[in-house]
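These notes concern the structure reproduced below.
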Amino acid sequence: MERVEITSACELLSKRLRQSHEFAQTFDNAGKSVIYQFTHPDRFLRVSEIARVLISCFAANYPTEVSQALVTFDRHCGTDSPSRSKAVLSAIRKLIKIGFLIEESVEPQGYSEPMVPYYVRSRAIPSLVCDEVARMGNLRAQTRVLDVGTGTGHLAIHLARTSNHVTGMDISMPFLKAARQQAASSGVNVKFVWGSGDKLVFSRKNMISSPCHRYFIGLIRFAPHAAFISVWKPMGA
């Protein structure tokens, strides 16, 4: 039995995994980390602190070897121990079992076309948050704006009502297509381009870089302005 467990652990360490695009992570009203499926946001699972940190060690748009993710985990959490190693591997297996962590070959195309209608209907960034982005960025007609991870373009479209130089970037072609359609329907001019924010180097001057929605979606339910400001300022807006 011991030999089987060791082999299983070795196999797990060599796997290349990434986050599934069908899931998201947020926080509940008690401040606890939860994960849920985009198509069933009412069904969620509260996860441990170990799982929360582990999730951040895996990217969504490219695979990471589990052994490398554990190195990142140890940098976040300090010295390793046998008991914690067992708990970490158990958390990874649980995330694989529910489908949050997947192997590269399982889902080669991220943020696919079937997800678009749900995003358009249910993942719009609240207007209060969009207004706060414009206010804190001192948005003017000549301000150059880059919305990284624009999705279906809701924030970019909102900001384009003030700025004449808004660009939305995303890695999903179906989402960019939907964003262009949304912009045309709204009567605003936004340039939408394909690209990954992982490859960008940002300058703070004259640019607004939109924070990833998942970092504040769980907070804005009860404190739209305060939650947004607390997340935005450390990100270097």
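The alpha-carbon atoms of the stretch 2-106 define a convex hull whose volume equals 108 cubic angstrom per residue.
Cα centroid separation, the stretch 54-105 to the stretch 172-198: 33 Å.
Going from the residue with the fewest nearby Cβ atoms within 10 Å to the one with the most, ASP42, ASP74 rank ASP42, ASP74. Can you give the net charge of the other residues whose Cβ lies under 12 Å from the Cβ of PHE44, counting K and R as +1 and D and E as -1? The answer is +1. Were the residues from ARG144 through SER185 laid out at 0.36 nm apart, the gain over their Cα-Cα distance would be 12.5 nm.
Just so you know, all these numbers are worked out from the coordinates, no wet-lab data involved. Since the model is a prediction, treat every value here as computed from it, not as a measurement. Don't worry about glycine lacking a Cβ; one is built from the backbone with ideal geometry, like all the others, and counts go over all protein chains shown.
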